[in-house]
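The values are calculated or read from the model by the stated rules, or taken from the named source; none is laboratory data. In this text, all values refer to a predicted model and were calculated from it rather than measured experimentally. Here the Cβ positions follow ideal geometry from the backbone for every residue, glycine too, while neighbour counts run over all protein chains shown.
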Amino acid sequence: MKRKFTPPNNLIVGILGNAEKSSTCETAFELIKILDERKIGFRVQKTIGEQIKSRWGYDPSNSAIDDLHIPVEADIIVSLGGDGTILRAARLVGAMNKPILGVNLGKLGFLAELNFDELRNSIDQLLKGRFEIEERTVLKAVYNRGNVQESLFALNDIVVDKAGSSRMIDLETYVDSEYLITYRADGIVVSTPTGSTGYCLSTGGPIISPASRVIAVSPISPHTLSARPVIVPDTSVIRVVAHSNFKQVIIAADGEASESLPPPAEFTVSLAPYKVALLKRSKNGFFSILRSKLMWGVDIRSSGSDNEQIHNFEAAEEDK
């Protein structure tokens, strides 16, 4: 679902990223200068603030805070990096419903909306209310550790794999209590539409439009070729029991938060009670992003160098 973004009075912008990367600190400093010029308040990740002070002598100490507190104090979050940085920002925001704007400093960046050279103009467009909020579904995985029930949340996917073993595991899979299949595979990916362009895609799963109300269930390198990915309604509860001859299996959320569990490890996945809000420019549709990021329509068999064709295609997409 999309809705227009209306910036609040006295807007506070939160800035998150990987302070160990030089490009993150450079972009953060440029963003802070843009915000200062427009008299917009900000809260910057403390480690980034320290790097800015060390490298450029600008001291944002009054606005530099622990990253855990940024979603509490900011109205919107600007994530500097790749999709992994946005996923981290989404975990920090959780159910607080603070919109996230991604600035791509990585390679592919399906979730990121901007590049560095678009930053100044896009901040102006944002302040004029020319962005939209796009809500994305989140998955909740529930499992037991001893007598304690615990949860993981994921914007992209929940993955169960074999904890470094070279052998496959058996994944007994149910949808709404109905037996689906026992995948004999390296693991299983349960994905949102947002995550369909991530790990799900590399397993042979489909690309799913973010507005679709579905969940994808995909085996990782299944032993039986007829065992295929399955799409189910997002009202479903998916239960997986992982059987292994080894000591542990791993359950991971968005490739970051993870737990090791002794087999047979049982977990359920369903929709979380909240969504993550991403800030998007009105002109950028999902299929336009796919064409640009995956270079659909580029025929490298034609005359001319591959790199030249790719460069020309990307330039044409940026001009749209």
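Table for the structure above
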read-out: Pair list, Cβ under 6 Å, 6 or more apart: the range 212-224 residue more than 17 Å from K275 (Cα to Cα), other residue modelled with pLDDT under 90 and outside any strand (DSSP E or B); value: P219/A227; H223/M168
read-out: Evaluation of I100 against (1) surrounded by fewer than 20 Cβ atoms within 10 Å (Cβ to Cβ); (2) under 22 Å from S22 (Cα atoms); (3) not basic (K, R) (one fails), failing number; value: (1)
read-out: Identity of the residue in the range 225-260, among the acidic types (D, E) and in a loop (DSSP other than H, G, I, E, B), that ends up nearest to the chain's Cα centre (by Cα); value: D254
read-out: Evaluation of S191 against (1) over 14 Å from I251 (Cα atoms); (2) surrounded by 24 or more Cβ atoms within 10 Å (Cβ to Cβ); (3) among the hydroxyl-bearing types (S, T, Y); (4) modelled with pLDDT of 95 or more (one fails), failing number; value: (1)
read-out: Residue match in the range 128-136 (condition: among the acidic types (D, E) and under 15 Å from the mean Cα position of the chain (by Cα)); value: yes
read-out: Matching option when the condition is touching a helix residue (DSSP H, G or I) at 6+ places or on another chain (Cβ under 7 Å), outside the structural domain of F110 (by TED's automatic domain parsing) and of a type in the set (K, R), among R213, R291; value: R291
read-out: Output for the range 63-88, where each listed residue is farther than 19 Å from F131 by Cα, under 15 Å from the mean Cα position of the chain (by Cα) and crowded, with 23+ Cβ neighbours inside 10 Å; value: G81, D83, T85, L87
read-out: Conditions (1) surrounded by fewer than 17 Cβ atoms within 10 Å (Cβ to Cβ); (2) at pLDDT 95 or above; number of the one not met by T137; value: (1)
read-out: Residue that is modelled with the lowest pLDDT [pool: residues in the range 267-320 that are among the basic types (K, R) and exposed (fewer than 12 other Cβ atoms within 10 Å of the Cβ)]; value: K320
read-out: Criterion (farther than 28 Å from T194 by Cα, of a type in the set (D, E) and assigned to a loop (DSSP other than H, G, I, E, B)) met by exactly one of D36, D59; value: D59
read-out: Residue match in the range 157-169 (condition: in a strand (DSSP E or B), in contact with a Lys or Arg (Cβ under 6 Å, 6 or more places away or on another chain) and on the phi < 0 side of the Ramachandran plot); value: yes
read-out: Residue check for A74: in contact (Cβ under 8 Å) with a residue 24 or more places away in the chain, small (G, A, S) and out of contact with any helix residue (DSSP H, G or I) (no Cβ under 9 Å at 6 or more places or on another chain); value: yes
